[in-house]
């Protein structure tokens, strides 16, 4: 086959496959980097972004603490971020009363994890539920748009 004959075949192939390749790239999840930290004596969750579009979301989580265990939990939550059901006796959010809770628990210092979730549009809360950490402000709002 001459070079001229190959070009139309290749072009036809690209026209047929092109939309499928575009759809595959569109299906890639949004990535959010999560830093579970206690730098400067303050426990906190730092998100690389607090807003993504609905669909697959991949959280790349790292506990950057030198000596504290942390968690990354996420739930759909329209109320105030400080209004999660809380058990004072345990110093923790009552996980059994939080709808559609997902996440990674008991991450040792330096640990890393990836969590991939299909998220619908709405308001979410992310938090650490190690004893006392949520009340110390280790929480953040997360929004998923259409």
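Read-outs throughout are calculated quantities, based only on the coordinates presented, and are distinct from any laboratory measurement. Treat the numbers as computed from the prediction; the structure is a model and nothing was measured. Backbone-built Cβ (ideal geometry, glycine too); neighbour counts: all protein chains shown.
Between residue 87 and residue 67, the FRET efficiency from the beta-carbon distance, with R0 = 22 Å, is close to 0.30. With contacts taken as Cα pairs under 8 Å at a separation of at least 6 residues, segment 28-145 carries a relative contact order of 33 percent.
Using a 7 Å offset from Cα along Cα-Cβ at residue 96, what residues in segment 49-79 end up with backbone N under 11 Å from the label point? Correct set: none at all. Percent of C-alpha pairs per 10 Å bin in segment 28-145, short distances first: 14, 49, 32, 4, 0. Taking the Cα atoms of segment 76-146, the ratio Rg/Rh between the radius of gyration and the Kirkwood radius comes to 0.96. Using the average count of surrounding beta-carbon atoms within 10 Å as a protection proxy, the listed peptides 74-82, 133-141 rank, highest first, as 133-141, 74-82. A simple spin-label model places pseudo-atoms 7 Å from Cα toward Cβ; at residue 39 and residue 80 they are separated by 3.0 nm.
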